[in-house]
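K.L.:
Let me begin by handing over the structure; questions about it come next.
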Amino acid sequence: MDLTAKHGLVLLDQLRKMRETEHLTDVVLVAEGTSFPCHRVVLAAFSPYFRVMFTCGLRECNDREIFLHDTSAESLALLLNYMYCSNLPLHNNNVQGISVAAFLLQMDDVFAQCQNHMIENMDASNCLGVYYFARDLGAEDLAEHAQRYLRQHFVQVCQHEEVLELEPHQLGKLLMSDDLNVSREESILDVVLSWMKHGSVTEREVRLIHLPELLQKVRLPLVDPDYLRETRKRNIALLVEGECLAMVDEALEVSAMHPAAVPRKLKLRYGMETTDLLLCIGNDGGGIRSRYANYAEQSFCYAPSTTHTYYITSPRYGDALGYVGTGVVTESNCIIVAGEAGARRAARQDIKVEIYRYKVEAQGSWEHLTSAEYRDSYALGSLGDTLYLLGGQMRLKNQYLITNCVQRWSLQGGPWRSAAPLPLPLAYHSVVRMKDRLYAMGGRTPQQTFSMDDEPDRLSNRLLEYDPNTNRWRELAPMKYSKYRCCAVVLNNEIFVMGGIGCEGGDRGQSRHCLDAVEIYNPDGDFWRDGPRLPCPQLSLRTSGPNAGAVAGKIYVCGYYKGADRHEDIVKDILELDPRDNRWTVVARRALMHDNYDVCLVAHLNPRGLASPPADLVKV
């Protein structure tokens with residue numbers, strides 16, 4: 001401890017002792033009948049309110065006692081303890097009282113500490129109270145944070161009594177918001193009816209008067225008709241109140257006449273817009289341009305449910321990742337990508353595999369999670385909250401060798417740990433998650449012996465299953481084709497493997513060609529069957545990442561390389577496979593995606609957090 005810090009602590013300790021013994025105290029603060037002898041100089045040092053009071057030349061300058069009418073004794077005691085001892089114990093039961101006292105006494109540092117405490121300890125049970133408290137106090141930042149939390153966690157908030165204690169105008173204003181994160185309007189209707197039934201008999205009679213105005217805030221045509229009929233039957237208030245009954249009947253009539261058009265007429269709430277999106281993530285900035293924005297740091301997104309195009313911030317933004325190798329979306333909807341650092345960062349450090357996560361709550365940014373020993377042509381998988389780096393090529397002395405090394409890392413943190421190695425070295429292979437297992441298939445594997453005329457690597461047709469409970473791999477039925485640069489997708493608990501470069505049967509050096517084959521693996525019977533052939537032979541991406549994903553029971557291929565020639569740009573068509581029709585159709589031609597990208601992922605996102613294409617966004 002340096003001399004200055006020690007000197008300050010000695011001074012603080014002496015002031016505390018003098019206050020405890022009431023030595024040289026020259027003012028007494030009184031709150032709720034409790035007296036607190038203090039030193040004016042200490043109060044003035046911590047509170048501009050007292051500084052002005054003691055120096056303004058008015059009566060208070062000489063008064064021995066000062067009465068604080070709007071401050072509780074408990075809060076004042078804690079603030080004085082903070083002034084004299086630097087200790088401020090905050091908890092949920094005292095933080096609002098302390099923040100009010102700090103606000104009145106203009107103690108901005110304490111007020112900021114209180115706000116941070118309320119933000120850090122905010123949950124569904126208290127965010128509503130924090131919002132109205134902050135709004136009434138004029139704490140705009142805290143109120144805005146609480147309002148965002150309230151809207152984002154509205155379903156959970158409604159499970160607590162706070163929402164049932166609201167005044168009618170407060171509840172009505174809340175229900176008018178388009179930003180409530182609810183997936184079904186039935187949740188809003190349930191809140192209104194629960195609010196109406198809350199309280200004593202007298203209170204319920206008063207609340208019944210406000211039912212029509214609150215019911216108007218419910219977007220009744222969005223409620224499932226069967227649910228609405230059942231609700232009308234179970235709630236007598238909806239039957240005896242003529243205005244309410246008319247609103248319900250009108251909504252049912254609208255639904256019966258135009259069931260498909262109802263959602264288009266009414267604005268959907270935030271949570272209703274959340275949908276599965278295909279994210280074509282990569283760092284290629286060519287192919288599209290706009291005079292309104294730079295789309296070199298954006299990645300193409302496609303919503304199959306609406307056929308709309310959006311753009312998500314690319315991992316290259318801010319020079320985070322210079323190259324994306326592959327990616328995965330975890331079961332908890334975390335979007336993860338792996339790759340190499342940007343050129344400027346790589347120049348300052350050894351090259352490693354860098355793992356980044358998209359921050360949904362902080363739209364437009366990626367956060368660095370961890371780094372792993374460098375390899376390329378690897379696969380990335382996830383089970384629960386654990387990431388797996390599988391195979392690839394690792395540097396050994398002055399050359400790169402294909403490896404069977406598997407490492408795993410928990411999203412909760414900690415070091416990378418070894419998992420059971422692959423049964424054979426693999427690179428450019430595909431990995432998918434299905435039923436709490438990882439499945440690895442295809443790829444390149446080194447030959448044990450080969451002549452100068454042979455390829456040093458063979459293609460694999462083996463299918464490998466990893467069980468995290470036993471930390472073991474087992475081999476399953478092989479594919480019809482040995483291949484790599486193919487794409488694997490899980491749909492209806494089956495694995496679809498599409499396209500790639502390969503040859504039929506085991507690779508024994510026979511001719512390889514670009515494939516239009518689709519193979520489907522059934523895990524229950526451990527067998528493969530042929531699927532509908534692709535419209536043309538095609539390769540997936542230049543990386544080992546997939547170029548397709550499954551959404552709403554269908555598979556979508558988002559761009560591809562046609563044939564095995566050395567193409568510079570992908571074909572920017574989006575193909576759809578509906579297993580019921582057992583055929584491929586083109587659902588979008590010349591989509592507004594970049595010339596290349598690195599991995600296609602499926603994530604559950606709200607389009608409001610993404611960028612929409614401006615009107616002049618065109619293909620270069």
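K.L.:
Just checking, which of Asp598, Asp578, Asp573 is surrounded by fewer than 15 Cβ atoms within 10 Å (Cβ to Cβ) and in the same structural domain as Thr543 (by the TED database)?
P.N.:
Asp578 is the lone residue from the list that is surrounded by fewer than 15 Cβ atoms within 10 Å (Cβ to Cβ) and in the same structural domain as Thr543 (by the TED database).
K.L.:
Same structure, new question: Looking at Glu32 and the list (1) in contact with a Leu (Cβ under 6 Å, 6 or more places away or on another chain); (2) open to solvent by 50 Å² or more (accessible area, probe 1.4 Å), which single condition is not satisfied?
P.N.:
(1)
K.L.:
Still on this structure: Take the residues in the range 157-181 that are part of a helix (DSSP H, G or I) and in contact with an Asp or Glu (Cβ under 8 Å, 6 or more places away or on another chain); name whichever of them is least open to solvent (accessible area, probe 1.4 Å).
P.N.:
Selected residue: Gly172.
K.L.:
Among the strands (runs of 3 or more DSSP E) confined wholly to the range 507-587, which include 1 or more residues that are on the phi > 0 side of the Ramachandran plot?
P.N.:
Working: elements: 518-522, 527-530, 548-551, 554-562, 571-578.
Here the list reads 554-562.
K.L.:
Sort out which residues of the range 205-214 are in contact with a helix residue (DSSP H, G or I) (Cβ under 7 Å, 6 or more places away or on another chain) and farther than 13 Å from Asn235 by Cα, and write them in order of number.
P.N.:
Just the residues of the range 205-214 that are in contact with a helix residue (DSSP H, G or I) (Cβ under 7 Å, 6 or more places away or on another chain), to begin with: 207-208, 210-214.
Within the range 205-214, Arg207, His210, Pro212, Glu213, Leu214 qualify.
K.L.:
Going through Glu205, Glu230 one at a time, which residue ends up being open to solvent by 40 Å² or more (accessible area, probe 1.4 Å) and over 36 Å from the mean Cα position of the chain (by Cα)?
P.N.:
Glu205
K.L.:
Since Arg184 meets every condition but one in (1) open to solvent by 80 Å² or more (accessible area, probe 1.4 Å); (2) touching a Phe, Trp or Tyr at 6+ places or on another chain (Cβ under 9 Å); (3) part of a helix (DSSP H, G or I), which condition does it not meet?
P.N.:
So the condition that Arg184 fails would be (3).
K.L.:
Listed residues Leu3, Leu58, Leu79, Leu9; which is of a type outside the set (S, T, N, Q) and either open to solvent by less than 30 Å² (accessible area, probe 1.4 Å) or touching a Ser or Thr at 6+ places or on another chain (Cβ under 7 Å) (or both)?
P.N.:
Leu79
K.L.:
Among the residues of the range 488-506, which ones are at pLDDT 95 or above and part of a strand (DSSP E or B)?
P.N.:
Ala488, Val489, Val490, Leu491, Glu494, Ile495, Phe496, Val497, Met498
K.L.:
From the list Gln113, Gln106, which one is open to solvent by 60 Å² or more (accessible area, probe 1.4 Å), closer than 21 Å to Ala31 by Cβ and part of a helix (DSSP H, G or I)?
P.N.:
On the way: Gln106 fails: part of a helix (DSSP H, G or I).
Among Gln113, Gln106, only Gln113 is open to solvent by 60 Å² or more (accessible area, probe 1.4 Å), closer than 21 Å to Ala31 by Cβ and part of a helix (DSSP H, G or I).
The values are calculated or read from the model by the stated rules, or taken from the named source; none is laboratory data. The shown structure was predicted, so the numbers you read here are calculated from the model rather than taken from an experiment. With ideal geometry, Cβ positions are generated from the backbone for all residues, glycine too; neighbour counts draw on all protein chains shown. Keep in mind that these areas ignore ligands, DNA and RNA; they rest on the heavy atoms of the full protein, side chains included. Shrake-Rupley method; radii C 1.70, N 1.55, O 1.52, S 1.80 Å.
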